[in-house]
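S.K.: Can you read through this structure? Questions will come right after.
The values are calculated or read from the model by the stated rules, or taken from the named source; none is laboratory data. Predicted model only: the values in this text are computed from it and were never measured. Methodologically, a virtual Cβ is constructed for each residue, glycine included, from the backbone with ideal geometry; neighbour enumeration extends over all protein chains shown.
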Protein chains: 2
Amino acid sequence: VAVPQQQRRGGTRSGRAFQVRAESAEVATTSAPINPSIKKDSDKVVDTVLAGELSKPLTAYCRCWRSGTFPLCDGSHVKHNKATGDNVGPLLLKK
Amino acid sequence: VAVPQQQRRGGTRSGRAFQVRAESAEVATTSAPINPSIKKDSDKVVDTVLAGELSKPLTAYCRCWRSGTFPLCDGSHVKHNKATGDNVGPLLLKK
Ligand code: FES
Ligand code: FES
């Protein structure tokens, strides 16, 4: 069953126990790093893309921090989502 | 001390104990969801940007899954990095 995002986030409907539990799990997740291995010698990993220099009609950029070709997406989000129940995916850049 | 990425990732230099421990922590992180609250009713959150329609000279896109203006970056990665010791940041798109 699809639960509207606002219900998942807020405390406006606390009547349903499973929602309260889901909220707790989410808060716990927030306190852990999400990047296990990419450029850990860098204080902040920021990448810059020049829109005018895109080579392909469609380029996928990683947002799961598990790609072997970071900052590009190599499909590793699929394994991450399956292993953790997460729902992350890339940012697609269209020329 | 900045540790080269390859040493952090690989098992080629296991002589130093702190590196082995760091590696273990990284593996543990991989088994948790990284998106606490964005569109959790969606199986996979994918966003598409048309490079030709960028309005500003520079646009920052979120890769920390904590932005209140996702898929745009609102600076929330700063709080996340401080709270967790992480080093994530946005993807910058230059017109
Ligand atoms: S590999 Fe990270 S989003 Fe696809
Ligand atoms: S708010 Fe997520 S990367 Fe900036």
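S.K.: Inside the stretch A:54-79, can you point out the residues that are at the interface with another protein chain (Cβ under 7 Å from one of its Cβ atoms) and not in a loop (DSSP other than H, G, I, E, B)?
M.R.: A:61
S.K.: Restricting attention to the stretch A:15-53, which residues are loosely packed, with under 11 Cβ neighbours inside 10 Å, modelled with pLDDT under 50 and part of a loop (DSSP other than H, G, I, E, B)?
M.R.: Across the stretch A:15-53, the qualifying residue is only A:15.
S.K.: Only one of these conditions is not met by residue A:46: (1) away from ligand 2 (no atom under 14 Å from the Cβ); (2) over 21 Å from residue B:36 (Cβ atoms). Which number is it?
M.R.: (1)
S.K.: Right, here's the next one. Filter the stretch B:56-93 down to the residues that are of a type in the set (S, T, N, Q) and over 17 Å from residue A:48 (Cβ atoms), then identify the one that is surrounded by the fewest Cβ atoms within 10 Å (Cβ to Cβ).
M.R.: B:69
S.K.: Oh, and also: Taking the stretch A:28-48, which residues are away from ligand 1 (no atom under 15 Å from the Cβ) and either within 12 Å of residue B:88 (Cα to Cα) or within 8 Å of chain B (Cβ to nearest Cβ) (or both)?
M.R.: If the condition is that a residue be away from ligand 1 (no atom under 15 Å from the Cβ) and either within 12 Å of residue B:88 (Cα to Cα) or within 8 Å of chain B (Cβ to nearest Cβ) (or both), then A:29, A:30, A:31, A:32, A:33, A:40, A:41, A:42, A:43, A:44, A:46, A:48 are the ones that fit.
S.K.: I need the full set of residues from the stretch A:53-95 which are among the β-branched types (Val, Ile, Thr), more than 16 Å from ligand 2 (Cβ to nearest atom) and touching a Phe, Trp or Tyr at 6+ places or on another chain (Cβ under 9 Å), in order please.
M.R.: None - no residue of the stretch A:53-95 is among the β-branched types (Val, Ile, Thr), more than 16 Å from ligand 2 (Cβ to nearest atom) and touching a Phe, Trp or Tyr at 6+ places or on another chain (Cβ under 9 Å), so the list stays empty.
S.K.: Something else about it: If you check residue B:44 against the conditions, is it under 26 Å from residue A:54 (Cα atoms) and touching a residue at least 24 places away in the same chain (Cβ under 8 Å)?
M.R.: no
S.K.: A further question follows. Determine whether residue A:55 is in contact with a Gly (Cβ under 8 Å, 6 or more places away or on another chain) and either more than 11 Å from ligand 1 (Cβ to nearest atom) or of a type outside the set (Val, Ile, Thr) (or both).
M.R.: no
S.K.: If you don't mind, another one. Taking the stretch A:58-95, which residues are farther than 15 Å from residue A:47 by Cβ, in contact with a Cys (Cβ under 7 Å, 6 or more places away or on another chain) and among the hydroxyl-bearing types (Ser, Thr, Tyr)?
M.R.: A:76, the sole residue that qualifies.
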